[in-house]
Amino acid sequence: MKSLQKIFLSLLLIPLLSSGLFGCASQTTKSGLVGVQRSQLLIVSEKEMEQNAEKAYAQILAKAKKSGTLNPDPKMTARVRAIAKRLIPQTAVFRKDAPKWDWEINVIDSPELNAWCMPGGKIVVYSGIIKKLKLTDAELAAIMGHEIAHALREHGRERASEAMLKQFGLQAVALGTGIKGPYLDAVNLITDVTFTLPFSRIHEREADRIGVELAARAGYNPFAAVKVWEKMSKIAKNAPPELLSTHPSNKSRMKDLQKFAQKVYPLYVEACKKLGISPQPPK
């Protein structure tokens with residue numbers, strides 16, 4: 001009976017820990033034209049996420065450099081960086097501080113169909129996704145815009161916060177019952193949510209919508225995002241690539257992209273006028 005009482009009291013500590021020690025939910029970005037405005041629980045500090053992201057990013061680049069796979073194709077690297085150069089200024093629509101992040105953009109020669117953007121603007125695009133999908137600039141901008149959106153919305157920080165809250169809950173139970181649970185390791189936790197654990201469907205939907213707006217504002221046809229997932233679905237077959245394992249592609253997703261691409265299309269037309277290029281028709 002006493003042990004049951006201890007468990008009950010320990011469970012009562014969990015909401016107290018989450019509300020009393022860590023503060024309340026907040027939103028990391030402005031809603032933009034696409035209207036992303038969900039509140040987020042953010043326990044882990046932004047500074048901690050960025051510091052650990054920088055360390056992890058440096059390790060990945062060092063490994064790629066040692067193996068000779070870091071930016072081996074100057075033309076491909078220049079192409080990716082040119083697209084990023086147009087996308088990054090548009091991030092100010094969602095976060096005023098984002099254009100001033102310490103952005104880094106690199107290409108790793110790998111057959112993986114993958115790309116990612118870590119907290120603070122650390123981007124890697126794998127050559128495999130460019131070559132195998134034969135990406136146009138607009139399609140590559142759609143992928144990069146999507147990954148940048150994850151960083152803007154701090155989805156990794158949100159997942160780390162949720163995981164940390166669970167860990168604190170387990171520790172509260174351990175204090176009350178004497179049953180030992182896993183210890184909190186912030187560094188490993190942040191690494192896991194940055195590279196290993198898949199994003200939720202909510203996170204993916206937000207990144208899709210913000211991504212098409214970023215691309216449109218940068219002068220890239222937002223409908224290219226739909227084409228990306230059409231290509232990805234065809235190439236995936238029975239063995240989904242890494243990108244599909246964390247970025248589920250299905251008819252409902254492409255339907256959502258089609259809807260929001262249409263919504264931001266006027267932004268694309270306006271951007272094309274400023275750039276002095278002819279906009280492609282919506283399709």
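When we screen 42, 16 for residues that are assigned to a helix (DSSP H, G or I) and at pLDDT below 85, the only hit is 16. Counting just the residues of the range 86-120 that are in contact with a Pro (Cβ under 7 Å, 6 or more places away or on another chain) and assigned to a helix (DSSP H, G or I), which one comes out surrounded by the most Cβ atoms within 10 Å (Cβ to Cβ)? The extreme case among them is 91.
Here is a check on your reading of the model: is residue 85 among the charged types (D, E, K, R) and over 19 Å from the mean Cα position of the chain (by Cα)?
Criteria not met by residue 85.
One line per residue, one yes/no per condition, for (1) among the hydroxyl-bearing types (Ser, Thr, Tyr); (2) farther than 24 Å from residue 221 by Cα; (3) out of contact with any Leu (no Cβ under 8 Å at 6 or more places or on another chain); (4) modelled with pLDDT under 90:
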position: 111; (1), (2), (3), (4): no, yes, yes, no
position: 130; (1), (2), (3), (4): no, no, no, no
position: 162; (1), (2), (3), (4): no, yes, no, yes
position: 178; (1), (2), (3), (4): no, yes, yes, yes
position: 200; (1), (2), (3), (4): yes, yes, yes, yes
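Among the residues of the range 88-128, those that are of a type in the set (Gly, Ala, Ser) and over 18 Å from residue 209 (Cα atoms) comprise 110, 120, 121, 127, 128. So is residue 100 within 30 Å of residue 73 (Cα to Cα) and free of Cβ contacts under 8 Å to residues at least 12 places away in the same chain or not? So residue 100 fits the description; yes. Evaluated against (1) under 14 Å from residue 218 (Cβ atoms); (2) in a loop (DSSP other than H, G, I, E, B), residue 72 falls short on exactly one condition, (1).
Considering the range 47-75 alone, what residues qualify as being surrounded by fewer than 17 Cβ atoms within 10 Å (Cβ to Cβ) and within 30 Å of residue 272 (Cα to Cα)? Answer for the range 47-75, where residues must be surrounded by fewer than 17 Cβ atoms within 10 Å (Cβ to Cβ) and within 30 Å of residue 272 (Cα to Cα): 73, 74, 75. Here 83, 60, 123 are screened, and the one residue that is in a helix (DSSP H, G or I) and either in contact with an Asp or Glu (Cβ under 7 Å, 6 or more places away or on another chain) or closer than 17 Å to residue 28 by Cα (or both) is 83. Among the residues of the range 220-241, are any buried (at least 17 other Cβ atoms within 10 Å of the Cβ), more than 19 Å from the chain's Cα centre (by Cα), under 19 Å from residue 84 (Cβ atoms) and modelled with pLDDT of 95 or more? There is at least one residue in the range 220-241 that is buried (at least 17 other Cβ atoms within 10 Å of the Cβ), more than 19 Å from the chain's Cα centre (by Cα), under 19 Å from residue 84 (Cβ atoms) and modelled with pLDDT of 95 or more. Considering the range 132-155, the residues that are modelled with pLDDT of 95 or more and among the acidic types (Asp, Glu) include one that is nearest to residue 76 (Cα to Cα), namely 137.
The values are calculated or read from the model by the stated rules, or taken from the named source; none is laboratory data. This is a predicted model, so every value here is computed, not measured. FYI the Cβ positions are ideal-geometry reconstructions off the backbone, even for glycines, and counts take in every protein chain you see.
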